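Input: one structure, supplied below.
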Amino acid sequence: MRVYNFSAGPAVMPEEVLEKAAGEMLEQGGSGQSVMEMSHRSKEYETVQNECEALLRETLAIPGNYRVLFTQGGAHMQFEMVPLNLMVKGKADFVVTGQWAGKAYSEAKKYGAANLVASSEDKTFSYIPALDSSKFDKDADYFHICQNNTIFGTRFPELPETGGVPLVADMSSCILSEPVDVSKYGLIYACAQKNMGPAGVTVVIIREDLIRDLSGSKVPVMLRYQIYAENNSLYNTPPTFAIYMCGLVLKWIKEKGGLTAMKSLNEKKAAVLYDYLDSSKLFKSTVEKKFRSLMNAPFVTGNEKLDKKFIKEAKEAGFVNLGGHRSVGGMRASIYNAMPVEGVEKLVAFMKKFEEENL
Ligand SMILES: *Cc1c(COP(=O)(O)O)cnc(C)c1O
């Protein structure tokens, strides 16, 4: 029996997608082979990858002057690739709103001057700090944010106005959750295993003029955007199966009505959960209202023992992976695109029952 999976990642996938992949496991299209068995240099595989890219471009309305790259190494590798490729003058601005934003910041320090514009560490990253634009470096190579903070459950309610400085966003846990205006960014990156597909592939959407010619430099070949761009992400063997699965997820999103439909479903789910948290006498959200994520909702009872009891009983009732990140404890419900509304409604009903029994 399938459970309601609230994991932050790798996370729940749409059931229709898993069924489709199961049906194609032995033979993909008319090829007589699984996509896993195909040469990455074959026409058949090329079609799979090109379709995935085309669907991503259509879904996110990616402008023609942006390239879509498929890399490996997760979002973590982008913490290195972004400074290695984008730091020309050797300086960048950072807003530290959680663990991932903090890692992007500390990794970048190895390659140049990383300017900390603002941080919300003083209140355990429970809000998005106000940004004072006089602290922005007008001459920076880029301005980095983590748009949705998977661990702490916050998101930027609006984007910083960076003028001519390219905005770089880690969108690992919010990509495809609602429409975005790609033209506002210089570079977007997202590992797949939250809202896009299985682990193994990371998508980079980069404005063409930011792809620097690094020929002759010491930057490792596999860490140059240029190499991915020049070789249609086929310089070496890409994570073929993961890319195929992302294509299926994108098809599923399209069939459901695209990102506008995703957004309204995600808002509905978030409202069901947050409304209950705000009315509950036992559970409470740890995030200031206007910064709450649509995708990841941390909450606590205020009593660690009771938190553990809740996580255990929830699991027994078929609601799994509700433990908070190992660095913060408490609970967290990740409610990505593939989590149905009824999953959140049933979770809330279970929480109400738990509240009655334990208050
Ligand atoms: C999950 C996550 C990461 C880390 O991704 P890896 O693929 O494990 O490197 C980074 N940033 C955000 C926002 C995430 O949600």
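Which residues, taken from region 4-33, are under 30 Å from Gly323 (Cα atoms) and assigned to a loop (DSSP other than H, G, I, E, B)?
Within region 4-33, Phe6, Ser7, Ala8, Gly9, Pro10, Ala11, Val12, Met13, Pro14 qualify.
Which condition does Pro239 not pass, out of (1) over 20 Å from His76 (Cα atoms); (2) crowded, with 17+ Cβ neighbours inside 10 Å, if it passes all the others?
Every listed condition holds for Pro239 apart from (1).
Please enumerate the residues belonging to region 42-61 that are more than 22 Å from Gly30 (Cβ to Cβ) and of a type in the set (Asp, Glu).
Scanning region 42-61 gives a single hit, Glu58.
Let me ask something additional. May I ask you to say which residue of Glu44, Glu37, Glu58 is without any contact (Cβ under 8 Å) to a residue 12 or more places away in the chain, surrounded by fewer than 16 Cβ atoms within 10 Å (Cβ to Cβ) and in the same structural domain as Leu250 (by TED's automatic domain parsing)?
Step by step, each of Glu44, Glu37, Glu58 is checked, and only Glu37 is without any contact (Cβ under 8 Å) to a residue 12 or more places away in the chain, surrounded by fewer than 16 Cβ atoms within 10 Å (Cβ to Cβ) and in the same structural domain as Leu250 (by TED's automatic domain parsing).
Still on this structure: Answer yes or no: is there a residue in region 78-90 that is among the acidic types (Asp, Glu) and either away from the ligand (no atom under 16 Å from the Cβ) or closer than 30 Å to Glu316 by Cβ (or both).
The answer is no, given that none of the residues of region 78-90 is among the acidic types (Asp, Glu) and either away from the ligand (no atom under 16 Å from the Cβ) or closer than 30 Å to Glu316 by Cβ (or both).
Right, here's the next one. Scan (1) closer than 27 Å to Asn232 by Cα; (2) not assigned by TED's automatic domain parsing to the domain that holds Pro179 for the single condition Phe70 breaks and write down its number.
Of everything listed in (1) closer than 27 Å to Asn232 by Cα; (2) not assigned by TED's automatic domain parsing to the domain that holds Pro179, Phe70 misses just condition (2).
Specify the residue that is nearest to Met13 (Cα to Cα); the eligible residues are those in region 319-359 that are among the β-branched types (Val, Ile, Thr) and crowded, with 21+ Cβ neighbours inside 10 Å.
The qualifying residue nearest to Met13 (Cα to Cα) is Ile335.
In region 299-322, what residues are farther than 14 Å from Leu347 by Cβ and touching a residue at least 12 places away in the same chain (Cβ under 8 Å)?
Correct list: Val300, Thr301, Gly302, Glu304, Leu306, Asp307, Lys309.
Yes or no: region 113-136 includes at least one residue that is under 18 Å from Gln78 (Cβ atoms) and more than 16 Å from the ligand (Cβ to nearest atom). So that I can check it myself, show each step before the final result.
Just the residues of region 113-136 that are under 18 Å from Gln78 (Cβ atoms), to begin with: 114.
In the following step, the residues that additionally are more than 16 Å from the ligand (Cβ to nearest atom) were identified as 114.
Taking every residue of region 113-136 in turn, at least one turns out to be under 18 Å from Gln78 (Cβ atoms) and more than 16 Å from the ligand (Cβ to nearest atom).
Additional query: All but one of (1) out of contact with any Phe, Trp or Tyr (no Cβ under 9 Å at 6 or more places or on another chain); (2) away from the ligand (no atom under 15 Å from the Cβ) hold for Thr240, so report the exception by its number.
(1)
Among residues belonging to region 156-170 that are within 15 Å of Ile128 (Cβ to Cβ) and surrounded by 23 or more Cβ atoms within 10 Å (Cβ to Cβ), point out the one that is nearest to the ligand (Cβ to nearest atom).
Asp170
Out of all the residues in region 293-312, is one or more assigned by TED's automatic domain parsing to the domain that holds Gly153 and in contact with a Phe, Trp or Tyr (Cβ under 9 Å, 6 or more places away or on another chain)? Before you say what the answer is, go through the steps one by one.
Within region 293-312, the subset assigned by TED's automatic domain parsing to the domain that holds Gly153 is none.
The answer is no, given that none of the residues of region 293-312 is assigned by TED's automatic domain parsing to the domain that holds Gly153 and in contact with a Phe, Trp or Tyr (Cβ under 9 Å, 6 or more places away or on another chain).
Each row is one residue, and each column tells you yes or no for (1) within 30 Å of Met331 (Cα to Cα); (2) assigned to a loop (DSSP other than H, G, I, E, B); (3) touching a Leu at 6+ places or on another chain (Cβ under 8 Å).
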| position | (1), (2), (3) |
| --- | --- |
| Glu161 | no, yes, no |
| Val168 | yes, no, yes |
| Tyr189 | yes, no, no |
| Gln193 | yes, yes, no |
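Would you check if Lys89 is touching an Asp or Glu at 6+ places or on another chain (Cβ under 8 Å), of a type in the set (Lys, Arg) and exposed (fewer than 15 other Cβ atoms within 10 Å of the Cβ)?
Criteria met by Lys89.
Confirm whether His144 is within 16 Å of the ligand (Cβ to nearest atom) and surrounded by fewer than 16 Cβ atoms within 10 Å (Cβ to Cβ).
So His144 fails the test.
Could you identify the single residue in Asn85, Asn50 that is among the polar types (S, T, N, Q) and in contact with a helix residue (DSSP H, G or I) (Cβ under 8 Å, 6 or more places away or on another chain)?
Asn85
Is at least one residue of region 327-340 more than 15 Å from Val300 (Cα to Cα) and part of a helix (DSSP H, G or I)?
No, region 327-340 has no match at all.
Further question: Go through region 146-158 residue by residue and tally those that are outside any loop (DSSP other than H, G, I, E, B) and touching a Phe, Trp or Tyr at 6+ places or on another chain (Cβ under 6 Å).
2
The values are calculated or read from the model by the stated rules, or taken from the named source; none is laboratory data. Since this is a predicted model, take the numbers as computed values, not measurements. Cβ: placed from backbone, ideal geometry, glycine included. Neighbour counts: every protein chain shown.
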